[in-house]
1. Which length gain, in nm to one decimal place, applies between Thr272 and Arg219 when the Cα-Cα distance is subtracted from 0.36 nm times their residue separation?
2. Write down the Kirkwood hydrodynamic radius of region 29-201, to one decimal in angstroms, obtained as one divided by the mean of 1/r over all alpha carbon pairs.
3. Kindly put Arg36, Arg173 in sequence by how many other C-beta atoms sit within 10 Å of each C-beta, fewest to most.
4. Under a Cβ-Cβ cut-off of 15 Å, what is the net charge of the residues other than Ser144 that fall near it, where Lys and Arg count +1 and Asp and Glu count -1?
5. If we count other beta carbons within 10 Å of each Cβ, what is the order of Ser91, Ser65, Ser122, fewest first?
6. Under a straight-distance cross-link criterion of Cα-Cα below 25 Å, which lysines are reachable from Lys278, leaving out those fewer than 8 residues away in the same chain?
7. Quick one: net charge around Arg182, please, counting Lys, Arg +1 and Asp, Glu -1 for every other residue with C-beta under 10 Å from its C-beta.
8. What are the residues whose amide H is under 5 Å from the amide H of Ala59, where those residues sit 5 or more places off or on another chain and H is modelled from the backbone?
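Derivation of every value follows stated rules applied to the coordinates shown; laboratory data play no part. None of the values given here were measured: they were computed from a predicted structure. When we count neighbours, we look across all protein chains shown, and the Cβ atoms used for this are built from the backbone with ideal geometry, even at glycine.
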Amino acid sequence: MPARTLCASLSRLFLAVLLAGVVASGASAAIILDVRNGTGYVPITSATQVVTLNLWVTATGANASSADDFVNKFYAAYYSSSGGVIKGNLSLAFTPTNPLNNLPYAGDPADLDGDGDMDIGSTNSGTATGWTLAKAATGTMILSPINYATLTFTGTAWGPAGNGVTEIWAIGRANAPANIWREDGANKTGIPQTGQKVVLYLPTTAPVPVTGAGGAEIRLGPGQNMVLDGTGGLGSMNTWEWDFNGDGIADAMGATPNVTFEELAALVGLGTHAGTLKTSWVNSPAVNEFNSPFTFTLVPEPATLALVGIGLAGLLRRRSR
């Protein structure tokens, strides 16, 4: 093997080993804070809806066993995202069976992200004030995972966006000596990581009014293009699939696709046709998928028709000679 090729191969091998070590080290050690409800999704049907969620903490090591991964104490804060489908306040209560119950503190209500509703905790990692504290007695380690508390979201108003989603999650206090756990039998300190989130969404319950640029009628001639608009529906959605020829396969994607006469004509030909817009929210339950019918018309331009007429007349004259 030439020296240059060998050096290149060794460099790639070294890089691969280095990257593998980085990935392995990043994935091998952590204390994870999860917000759970079983599915990760909650449909919202009222602006004052109350949602109860479970809070879990898990120490995870590099080996395949969880029998040597424990938690002693950690500090955390809890957020609901700004904007989205609903605004609401959070409150926390430790579970009766919580073993991290050596003088725990539920945290202070505070608007941590400036969106007008109450989160829990603090943004100042330099002090324990305000943060939720869950801890066992000094020197005592509790086998994880641990369901240490319940978190309640109480809706107060629809969000300013009117749709979208609202997420709820936990973050750890960034003060390494304050968080203690054990991985693979070795004591650790560091920053607890954000794990599972719960997403509140608004089910789509009505057809999306599909329109074209400049009005509701979708009408195209040769050489023309039009931006379709599928953003007018109510509900949480971030996937738009446009089926123009009725075969159940998406011909265009996105909320406002730009389509041309030629593209549509190749699919369906001239005339008036029925299309379907399927809106959904990625990873959502099936209840949040909705099919909205719409129609569009492809016609030749008047000038094109006139040229066709002239051409036909000339052809007839030639044939009559």
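1. On the way: separation 53, 0.36 × 53 = 19.08 nm, distance 0.88 nm.
Contour length minus the Cα-Cα distance gives 18.2 nm.
2. Details: mean 1/r = 0.0615 Å⁻¹.
Hydrodynamic radius (Kirkwood, Cα pairs) of region 29-201 is 16.2 Å.
3. Details: Arg36 16, Arg173 25.
Lowest count first: Arg36, Arg173.
4. Details: positive: Arg36, Lys73, Lys135, Arg182, Lys188; negative: Asp34, Asp68, Asp69, Glu183, Asp184.
Taking every other residue near Ser144 into account, the sum is 0.
5. On the way: Ser91 15, Ser65 9, Ser122 20.
Least crowded to most crowded, the residues run Ser65, Ser91, Ser122.
6. none
7. Values: positive: Lys188; negative: Asp68, Asp69, Glu183, Asp184.
Taking every Cβ under 10 Å from that of Arg182, the sum is -3.
8. Result for Ala59 returns Ile32, Ser144.
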